[in-house]
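Okay, structure first, notes after.
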Amino acid sequence: MPGKEPSAVRVAAPGRPGWKSTRKDESMSLIEIRDVHKWYGEFHVLKGISERVEKGEVLVICGPSGSGKSTLLKCLGAVIEPTAGRMTLGDEVIYADGWKVRDLRALRRDKIGFVFQAPYLIPFLDVTDNVAMLAGVANGESRAKALELLTALDVQHRARAMPSQLSGGEQQRVAIARGLVNRPPVILADEPTAPLDSERAMAVIRILNDMARKFETAIIVVTHDEKIIPTFKRIYHIRDGVTHEEAGEGREFE
Ligand code: ADP
Ligand code: MG
């Protein structure tokens, strides 16, 4: 959106008032995937994926429907188990031909922010509390954090609405705020812009890039949304179960 001020996330950042680091280990936001395979029964979906994502870096993986994008993110997010390979977050090996972390729920809760394709909002909580609950309890502090993100995502006017009263695009923006509210060191976003028009899709990409820069978050976005793919610097295509690099223009964010 040329000429338009980026809709930066108005959040506390290192060195700014209100910032409080919740990270225990500053080096944990680096992702490394080495030779990861996934079979569903006889079906070999991931045939040896190797990637590295540094702190503060956004990696996009694109590919057609059915190419294994969600499978890869779910493996990395400890939602499903890979069949073979190795994955590390920071200096912690989380998978090496088997899980190496005892408490996978704690891993997901403390280190990984998910932004799913479908919003999965809790129907009996209003928008603010859907976001605030993920920051722990819905209290004054977490609601304030939630509102900051809802504002950045341009959905603050729906803060008191119930999920059933929102449009699909609004629900998705609330779900994105929820994925970001804990400032996780890793964000995994599965087709985060699928239900959004191009202006809103670009706003979401800006927010993810801002998160990466301000909080040194390592972000992996999988998508087949042609609107957003050229805006990234590091782009990989997933084809026949492996990833291939493509030079990204990264034109919006350089
Ligand atoms: P994408 O996200 O790129 O659309 P997926 O990772 O969802 O692709 O799926 C990759 C392939 O694996 C597809 O052919 C899909 O049908 C298959 N698949 C996904 N989940 C399962 C499952 N639980 N059991 C068997 N096959 C699956
Ligand atoms: Mg998918």
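The values are calculated or read from the model by the stated rules, or taken from the named source; none is laboratory data. Computed from a prediction, not measured in an experiment: that's the story for all the values here. We place every Cβ from the backbone using ideal geometry, glycine too, and count neighbours over all the protein chains shown. Accessible surface is based on the protein model in full, side chains and every heavy atom, while ligands, DNA and RNA are left aside. Shrake-Rupley method; radii C 1.70, N 1.55, O 1.52, S 1.80 Å.
Leaving out ligands and nucleic acids, and using a 1.4 Å probe, what accessible area per residue does the stretch 97-207 come to in Å²?
Averaged over the residues of the stretch 97-207, the accessible area is 45 Å².
What is the magnitude of the charge dipole of the stretch 66-143 about its Cα centre, with +1 placed on the Cβ of each Lys and Arg, -1 on the Cβ of each Asp and Glu, and no other charges, expressed in debye to the nearest 20?
The calculation lands at about 200 debye.
Divide, for the stretch 138-199, the radius of gyration over alpha carbons by 2.2 N^0.38 Å, where N is the residue count.
Compactness ratio reported: 1.12.
Send over the Kirkwood Rh of the stretch 40-194, from the inverse of the averaged 1/r over different Cα pairs, rounded to one decimal Å.
Every distinct Cα pair counted, the radius reaches 16.8 Å.
Within the accessible area of the stretch 129-186, what % is carbon and sulfur when the probe is 1.4 Å and the other protein chains stay in place?
After summing per-atom areas, the C and S share lands at 51 percent.
Residue by residue through the stretch 83-93, what is 3J(HN,Hα) from phi via Karplus (6.51 cos²θ - 1.76 cosθ + 1.60, θ = phi - 60°)? Round to whole Hz and write x for glycine and proline.
Result, rounded to whole Hz: 9, 7, x, 8, 9, 10, 10, x, 9, 9, 6.
Using DSSP to define loop residues, name the GluC sites (Glu not before Pro) in the stretch 164-238 whose beta-carbon has at most 10 other beta-carbon atoms within 10 Å.
When the GluC sites (Glu not before Pro) of the stretch 164-238 are filtered for loop state and at most 10 Cβ neighbours within 10 Å, Glu226 remain.
Counting other Cβ atoms within 10 Å, which trypsin sites (Lys or Arg not before Pro) in the stretch 73-130 have at most 13 and lie in a DSSP loop?
Answer by residue number: Lys100, Arg102.
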